[in-house]
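Please read the structure below before turning to the comments.
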Amino acid sequence: MIDLHSHILPGIDDGAADLTASLAMARAYVADGVSVVACTPHILPGLYSNSGSAIRQATARLQQTLKDEGIPLALVTGADNHIAPNFVGELQSGHLLSLGDTRYVLVEPPHHVPPPRLEDLFFNILVADYVPILTHPERLTWISAHYHAIQRLIHAGTWMQITAGSLAGGFGRTARYWAERMLDEGLVHLIATDAHDLDRRPPNLSLGRELAAKRVGDTEAQNLVLSRPEGMLRNDLPANLAPPNAAVAAARLVYSETGQFRDGRDVAGTGHSPTDRGSAGRNLAGRLRQFFK
């Protein structure tokens with residue numbers, strides 16, 4: 001498996017406190033069946049003043065230490081890039097980082113307050129020929145009130161990454177509900193751990209894969225933790241990667257806004273069925289048209 005969201009770098013943010021913790025996390029990853037991890041510390045001015053160049057150096061140092069310790073884990077660079085006014089400019093300058101220097105970039109929104117002009121930000125990232133990945137939408141406290149906005153982002157070309165721990169209930173019942181609902185509706189592109197340590201936020205990607213498989217099947221679960229991440233690190237175009245699949249059980253039973261089930265092909269009032277969702281936004285013009293509907 002490949003984990004594209006991890007805070008394994010030592011002493012750089014609220015993840016691994018020191019090198020000992022990083023090595024323990026690396027060993028846990030290998031034991032869990034993970035072969036590649038993206039080092040994605042926070043870049044959040046005023047709190048975690050990291051930069052692309054510093055992250056690259058820290059990743060290279062940790063990779064060398066893993067080699068010296070005989071730990072078979074490959075690292076790639078990245079960042080949990082917090083929303084910023086000049087996001088695209090900072091990405092192009094190298095201050096912010098995409099995943100492994102590909103077109104795919106993690107974007108972290110504020111946890112408790114929906115940012116103004118959210119769709120404009122993702123529009124700008126798409127126009128710059130990047131693929132934005134909204135990190136852990138299921139854990140945002142404002143997802144319920146703004147779910148339609150998140151759906152519009154998806155249909156415009158934004159990808160979604162949910163957290164393995166959310167499916168296991170590690171972030172509470174609400175986060176689990178939204179993680180499961182988004183999986184069932186075929187709106188999730190990646191599962192990652194967002195691991196910070198061994199206890200509170202551990203490397204548990206195999207658990208996320210197992211829980212996802214119960215809802216969307218083994219093939220799609222493997223897409224979520226291996227096939228799509230592999231394609232991303234090759235810098236494949238999104239259209240060349242398998243689109244997310246909705247759960248078979250959700251084809252006729254979909255969620256209403258109250259959290260109950262209702263019959264019908266229309267998913268959460270979007271006008272799209274689970275089967276036609278994968279073809280939406282395949283080209284840039286189509287994605288941009290979707291933005292202004």
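Coordinate-derived values only; no laboratory data. This structure is a prediction, so every number in the text was calculated from the model and none was measured. Don't worry about glycine lacking a Cβ; one is built from the backbone with ideal geometry, like all the others, and counts go over all protein chains shown.
Determine, for Arg117, Arg228, the number of other Cβ atoms within 10 Å of each Cβ, and report the residues in order from fewest to most. Could you put the intermediate results ahead of the total?
Values: Arg117 11, Arg228 25.
Fewest-to-most Cβ neighbours within 10 Å comes out as Arg117, Arg228.
Provide the gained length on full extension for the span Asn86 to Ala239, in nm with one decimal, where the gain is 0.36 nm per separating residue minus the Cα-Cα distance. Please list the in-between numbers first.
Values: separation 153, 0.36 × 153 = 55.08 nm, distance 2.72 nm.
Full-extension gain reported as 52.4 nm.
Based only on other Cβ atoms within 10 Å, what is the fewest-to-most ordering of Ile150, Ile8?
On the way: Ile150 24, Ile8 32.
Final ranking by Cβ density, sparse to dense: Ile150, Ile8.
Got a sec? How would Asp18, Asp197, Asp184 order by Cβ neighbour count within 10 Å, fewest to most? Let's see the in-between values first.
On the way: Asp18 9, Asp197 19, Asp184 22.
In increasing order of surrounding Cβ atoms, one gets Asp18, Asp197, Asp184.
In terms of modelled amide H atoms, which long-range or inter-chain residues lie less than 5 Å from the amide H of Arg201?
Hits under the 5 Å cutoff: His196.
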